[in-house]
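The values are calculated or read from the model by the stated rules, or taken from the named source; none is laboratory data. Everything numeric here is computed off the predicted structure, so don't read it as measured data. Using ideal geometry, Cβ is built from the backbone for each residue, glycine included, and neighbour counts are taken over all protein chains shown. Side chains included, ligands, DNA and RNA excluded: accessible areas come from the protein's heavy atoms. Shrake-Rupley method; radii C 1.70, N 1.55, O 1.52, S 1.80 Å.
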Amino acid sequence: ATGEVRKLAGEVARDEPANAEVWNLLGLTDRSAGSPADAVVNFGKAIELRPNGALYRVNLARAYLVAGDDEAATRAMAAARQLEPGLLQLRSLEFLRLARRGELTDARQVLDRIRADKLGDEALYAAMEAELLVAEKKPAAAAELYVQAYGKRPNLDLAVKAWNSSKLATGTGDASLLLDWQTRNPEDP
């Protein structure tokens with residue numbers, strides 16, 4: 001499916017090279033396909049076309065983080081913050097970055113501000129709490145929260161995280177959410 005999306009978006013990009021959304025879509029596709037370097041190039045094109053697009057800069061920062069370039073990610077996040085400091089995607093990325101670095105007090109403060117500003121929903125908050133529990137080496141509790149989040153907003157990312165957390169906790173992962181996702185989305189490879 002990713003290859004098909006990439007092909008279609010590439011065709012649109014050839015027909016509409018000034019369409020920033022298409023370049024953003026290509027970047028998202030490349031990032032999800034495991035090609036962060038290509039994603040960086042495509043997000044860069046989207047930013048050239050729409051310099052005030054804060055979300056494009058957040059997407060670029062995430063691609064840099066996946067590629068392991070923390071310095072470039074920091075610059076992209078700072079540029080996004082100047083454009084739209086309250087953007088949920090930016091604040092969520094800041095949270096994730098802090099949690100993965102082990103800066104849990106700072107990560108919790110970001111989560112608390114997101115909640116106070118009512119930027120997300122209960123599924124998001126549960127998933128973010130679970131990230132903190134994973135960082136605190138409490139995978140069983142994290143798995144429970146991922147299951148709760150999946151119940152509110154089923155998606156593959158939450159199903160995988162629930163499985164991975166349960167595997168860390170017990171040695172064998174609970175695949176029930178993965179099976180549920182497969183039943184709901186039989187075309188998902």
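Condition check ((1) touching a residue at least 60 places away in the same chain (Cβ under 8 Å); (2) surrounded by fewer than 17 Cβ atoms within 10 Å (Cβ to Cβ); (3) assigned to a helix (DSSP H, G or I)) across all residues:
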| site | (1), (2), (3) |
| --- | --- |
| GLY120 | no, no, no |
| LEU124 | no, no, yes |
| ALA141 | no, yes, yes |
| GLN148 | no, no, yes |
| ALA162 | no, no, yes |
| GLY173 | no, no, no |
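Can you confirm whether the range 16-24 contains a residue that is over 23 Å from ARG81 (Cα atoms) and free of Cβ contacts under 8 Å to residues at least 12 places away in the same chain?
Yes, the range 16-24 contains at least one residue that is over 23 Å from ARG81 (Cα atoms) and free of Cβ contacts under 8 Å to residues at least 12 places away in the same chain.
Which of (1) open to solvent by 50 Å² or more (accessible area, probe 1.4 Å); (2) charged (D, E, K, R); (3) within 16 Å of the chain's Cα centre (by Cα) does LYS137 not meet, given it meets every other one?
Exception for LYS137: condition (3).
With ALA39, ALA79 as the choices, which residue is closer than 30 Å to TYR125 by Cβ and in contact with a Gly (Cβ under 6 Å, 6 or more places away or on another chain)?
ALA39
When residues of the range 175-189 are filtered for being open to solvent by less than 80 Å² (accessible area, probe 1.4 Å), at pLDDT 90 or above and either assigned to a loop (DSSP other than H, G, I, E, B) or more than 21 Å from ALA126 (Cβ to Cβ) (or both), how many remain?
Matching residues across the range 175-189 total 1.
Go through the range 150-160 and report how many residues are in a loop (DSSP other than H, G, I, E, B) and open to solvent by less than 50 Å² (accessible area, probe 1.4 Å).
2
Residues of the range 64-84 being in contact with an Asp or Glu (Cβ under 8 Å, 6 or more places away or on another chain) and hydrophobic (A, V, I, L, M, F, W, C), which ones?
Matches in the range 64-84: MET77 only.
I'd like to check something: does the range 51-73 contain any residue that is in a helix (DSSP H, G or I), farther than 30 Å from ARG14 by Cβ and either at pLDDT below 95 or among the polar types (S, T, N, Q) (or both)?
Yes, the range 51-73 contains a residue that is in a helix (DSSP H, G or I), farther than 30 Å from ARG14 by Cβ and either at pLDDT below 95 or among the polar types (S, T, N, Q) (or both).
Can you tell me which residues in the range 2-60 are small (Gly, Ala, Ser), open to solvent by 70 Å² or more (accessible area, probe 1.4 Å) and over 19 Å from the mean Cα position of the chain (by Cα)?
The one that is small (Gly, Ala, Ser), open to solvent by 70 Å² or more (accessible area, probe 1.4 Å) and over 19 Å from the mean Cα position of the chain (by Cα): ALA18.
Does any residue of the range 68-77 turn out to be open to solvent by 80 Å² or more (accessible area, probe 1.4 Å) and farther than 19 Å from LEU132 by Cα?
yes
From the residues in the range 82-101 that are without any contact (Cβ under 8 Å) to a residue 12 or more places away in the chain and part of a helix (DSSP H, G or I), which one is most open to solvent (accessible area, probe 1.4 Å)?
GLN82
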